[in-house]
Amino acid sequence: MAHAAQVQRMSRLMIKTLRDDPADAETASHKLLVRAGYVRRTSAGIWTWLPLGKKVLENVSRIVREEMDAIGGQEVLLPALLPKEPYEVSGRWEEYGDLLFRLKDRKGSDYLLGPTHEEIFTLTVKDQCTSYKDLPVILYQIQTKYRDEARPRSGVLRGREFQMKDSYSFDTTDEGLATSYALHREAYTKIFERLGLDYRIVSAVSGAMGGSASEEFLAPAAAGEDTFVDCPACDYAANTEAVTVKVAPVEDADHGPVEELDTPDTPTIEALAAHLDVPASATLKNLLVKVDGEIVAVGVPGDREVDLGKLGEHLAPATVELVTAEDFVDRPDLVRGYVGPQGLAGTAFRYLADPRIAHGTAWITGANKQGMHAKNVVAGRDFEVDQYLDVVVVEPGDPCPKCGTGLRIDRAIEIGHIFQLGRKYADAFELDVLGQNGKPTRVTMGSYGIGVSRAVAALAEQSHDGSGLCWPREVAPADVHVVAAGKAKQTELALEIGEKLGAAGLRVLVDDRAGVSPGVKFTDAELIGVPTIVVAGRRAGEGVVEVKDRRTGEREELSVEDAVARLG
Ligand code: ATP
Ligand code: MG
Ligand code: MG
Ligand code: MG
């Protein structure tokens, strides 16, 4: 669909570009979106979208909206400020823990800022739909979400306030749900293709072979916080929720002498403590504790410790054996053994993340025993280090579970997530409609998210070079960036060609700023990243401009007429 044509003069645009990276910025998107004047940090994980940024955000939203409408989605807008009660019914008031922004009104009633809206959509449909004839329904919104992320970082990639498209499907049959899911999968494919993002669809449920109950759309990028395995030979791809670290020889480590211990079979933590001649609440280094053959705790020379007291709380009497730290240093096979529901994931991650001794990649495969939604887990960000999670270790070259070929491992940004919820929320809220047989029928649901603001950052991660951003045309803040490189004559020609390109239906940014050198204007144009740059410069007197492709750097000189004909 066409953008509305527009000619924006930079002399009237609120924009301040920066030559230096913001001090706290680690990722390219964070640096470039701030430096090019798209966003401004307001507080940790809270961002202001400046004029150019708002245009890009709107372009992404428009594409999402068009493709959601195309599958019959109906747009609604739910509040972000929500009462506690529905989230108590679903259990998420408790489950979300610190991730939830909670607040009270003047009367002392509890509210939250919505992190996602399954509960309220379920209630909306319960209120609005009464018969099977009212279904299927797909509802969506593009709305501000709130999550008190433990580590809001990387600019708009992970905000505490961010824009999400969330949609929810409501069907009476499992086949209906499968159809709604397939429609979303198709719409997402179109959306990410139109956005110009390089993406992969991966299974979000580890180990679920070919299962389609939940899939993620991942944009490969070094700055991504997700890790996925990808089979070069078949279609197997899955999120690994991983930490990848290097091996360094332990001799380099700054640690005390490694304690030599026998590996007795000891029935309880108390007995273990007695064997070691320490109190049952002691914390110990240089230990690796196995229970019934499974490693449950790792003490790392130098700084990590095994907390026997904590371990004792969690473990039923079991066979505990000890090995010395030396036994597992540089032994990926031992780390590989760190598997199973008894795995103390935090400890495993701390062990893996220690660059002095760590090796390999950890793959969290399941929910912890407390039932936390343990997806896309990063230690310290998403869970406390003493929570229990299933942990499997995977390394590049490990066999694909489907065909045995060596797996690849890459970093990526989660840009979308589609999920067949089934009847979880319908059960919680007793969402029934009158069935064809005249009896109440329980509804089955899907939920589907796209990180709209995150997609802007993902695009910036994938589309930039040493000079700045390189937006794909559909999301770019303008089609053409005209630079007046000189004095009055150049400015006059720049405005003239700007008007002509605008009349031809293009969105044009004209750098007509007085008192700004051509060099600064060129640098800004490269930084801002509009796909085509037109320069009115040396040959302005002859009515000749230079047309440059931002991405390839290819340039040619054309008359104004030819340039308008070419670009229009
Ligand atoms: P992540 O694993 O990155 O924390 P998530 O799995 O918690 O994301 P979902 O609940 O699946 O996120 O939300 C749907 C989409 O919203 C995600 O696929 C992602 O694109 C986006 N999103 C989630 N959290 C954030 C955030 N803090 N900032 C920006 N976008 C986000
Ligand atoms: Mg995730
Ligand atoms: Mg999350
Ligand atoms: Mg997700």
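A few remarks follow.
- Single residue of VAL137, VAL202 found to be crowded, with 19+ Cβ neighbours inside 10 Å and away from ligand 2 (no atom under 16 Å from the Cβ): VAL137
- Residue in region 509-522 that is outside any strand (DSSP E or B), under 15 Å from SER11 (Cα atoms) and in contact with a Gly (Cβ under 9 Å, 6 or more places away or on another chain) present: yes
To keep it simple, each residue is scored yes or no on (1) more than 16 Å from LEU78 (Cβ to Cβ); (2) in contact with a strand residue (DSSP E or B) (Cβ under 6 Å, 6 or more places away or on another chain); (3) among the hydrophobic types (A, V, I, L, M, F, W, C).
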site: LEU113; (1), (2), (3): no, yes, yes
site: LEU123; (1), (2), (3): no, no, yes
site: GLN128; (1), (2), (3): no, no, no
site: PRO136; (1), (2), (3): yes, yes, no
site: TYR146; (1), (2), (3): no, yes, no
site: ARG151; (1), (2), (3): yes, no, no
site: GLY155; (1), (2), (3): yes, no, no
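- Single match in GLU58, GLU26, GLU66, GLU95 (criterion: exposed (fewer than 14 other Cβ atoms within 10 Å of the Cβ) and of a type outside the set (Phe, Trp, Tyr)): GLU26
- Some residue of region 482-495 being closer than 30 Å to ALA219 by Cα, at pLDDT 95 or above and either exposed (fewer than 15 other Cβ atoms within 10 Å of the Cβ) or under 33 Å from the mean Cα position of the chain (by Cα) (or both): no
- Each residue in region 399-418 was checked for being in contact with a Leu (Cβ under 8 Å, 6 or more places away or on another chain), more than 16 Å from ligand 2 (Cβ to nearest atom) and in a strand (DSSP E or B), and 1 pass.
- When residues of region 516-544 are limited to those that are touching a residue at least 60 places away in the same chain (Cβ under 8 Å) and within 22 Å of GLY568 (Cα to Cα), the one farthest from the chain's Cα centre (by Cα): PRO531
- Checklist (1) within 30 Å of CYS231 (Cα to Cα); (2) in contact with a helix residue (DSSP H, G or I) (Cβ under 9 Å, 6 or more places away or on another chain); (3) crowded, with 21+ Cβ neighbours inside 10 Å applied to LYS190, failing item: (3)
- Residue count for region 95-119, restricted to those that are at pLDDT 95 or above and over 20 Å from ARG65 (Cβ atoms): 17
Here's the yes/no breakdown for (1) at pLDDT 95 or above; (2) of a type outside the set (Phe, Trp, Tyr); (3) within 14 Å of ligand 4 (Cβ to nearest atom):
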| site | (1), (2), (3) |
| --- | --- |
| PRO152 | no, yes, no |
| VAL156 | yes, yes, no |
| ARG160 | yes, yes, no |
| LEU183 | yes, yes, no |
| ALA238 | no, yes, yes |
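- Residue that is in contact with a helix residue (DSSP H, G or I) (Cβ under 8 Å, 6 or more places away or on another chain), of a type in the set (A, V, I, L, M, F, W, C) and closer than 30 Å to THR523 by Cβ, where the choices are VAL89, VAL56, VAL64, VAL76: VAL56
- Considering residues of region 225-236 that are among the hydrophobic types (A, V, I, L, M, F, W, C) and over 22 Å from THR27 (Cα atoms) only, the residue modelled with the highest pLDDT: ALA233
- Qualifying residue in region 428-451 (condition: closer than 23 Å to ALA219 by Cβ, more than 15 Å from ligand 3 (Cβ to nearest atom) and modelled with pLDDT under 95): no
- Residue check, ALA428 crowded, with 22+ Cβ neighbours inside 10 Å and either over 14 Å from ILE528 (Cβ atoms) or aliphatic (A, V, I, L, M) (or both): no
- Taking the numbered list (1) at pLDDT 75 or above; (2) surrounded by fewer than 19 Cβ atoms within 10 Å (Cβ to Cβ) in turn, PRO249 passes all entries but (1).
Let's see how each residue does on (1) of a type in the set (Lys, Arg); (2) modelled with pLDDT of 95 or more; (3) within 22 Å of the chain's Cα centre (by Cα); (4) within 30 Å of CYS470 (Cα to Cα):
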position: THR48; (1), (2), (3), (4): no, yes, yes, yes
position: LEU57; (1), (2), (3), (4): no, yes, yes, yes
position: ARG62; (1), (2), (3), (4): yes, yes, yes, yes
position: ASP69; (1), (2), (3), (4): no, yes, no, yes
position: GLU75; (1), (2), (3), (4): no, yes, no, no
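- Screening VAL452 against (1) in contact with a His (Cβ under 9 Å, 6 or more places away or on another chain); (2) of a type outside the set (S, T, N, Q); (3) within 16 Å of ligand 4 (Cβ to nearest atom); (4) within 25 Å of ARG550 (Cβ to Cβ) leaves a single unmet condition, (1).
- All conditions in (1) among the small types (Gly, Ala, Ser); (2) crowded, with 21+ Cβ neighbours inside 10 Å; (3) within 16 Å of ligand 2 (Cβ to nearest atom) hold for SER167, with the sole exception of (3).
- Test for LEU139: is it away from ligand 3 (no atom under 16 Å from the Cβ) and either over 20 Å from the mean Cα position of the chain (by Cα) or touching a residue at least 60 places away in the same chain (Cβ under 8 Å) (or both): yes
- Any chance GLU556 is more than 30 Å from ILE418 (Cα to Cα) and out of contact with any Ser or Thr (no Cβ under 7 Å at 6 or more places or on another chain): yes
- All conditions in (1) within 16 Å of ligand 4 (Cβ to nearest atom); (2) of a type outside the set (Phe, Trp, Tyr); (3) in contact with a Phe, Trp or Tyr (Cβ under 9 Å, 6 or more places away or on another chain) hold for LEU99, with the sole exception of (3).
- Some residue of region 496-505 being under 20 Å from THR17 (Cα atoms) and surrounded by fewer than 19 Cβ atoms within 10 Å (Cβ to Cβ): no
The values are calculated or read from the model by the stated rules, or taken from the named source; none is laboratory data. Note that the structure is a prediction, hence the values are computed from the model and not measured. Don't worry about glycine lacking a Cβ; one is built from the backbone with ideal geometry, like all the others, and counts go over all protein chains shown.
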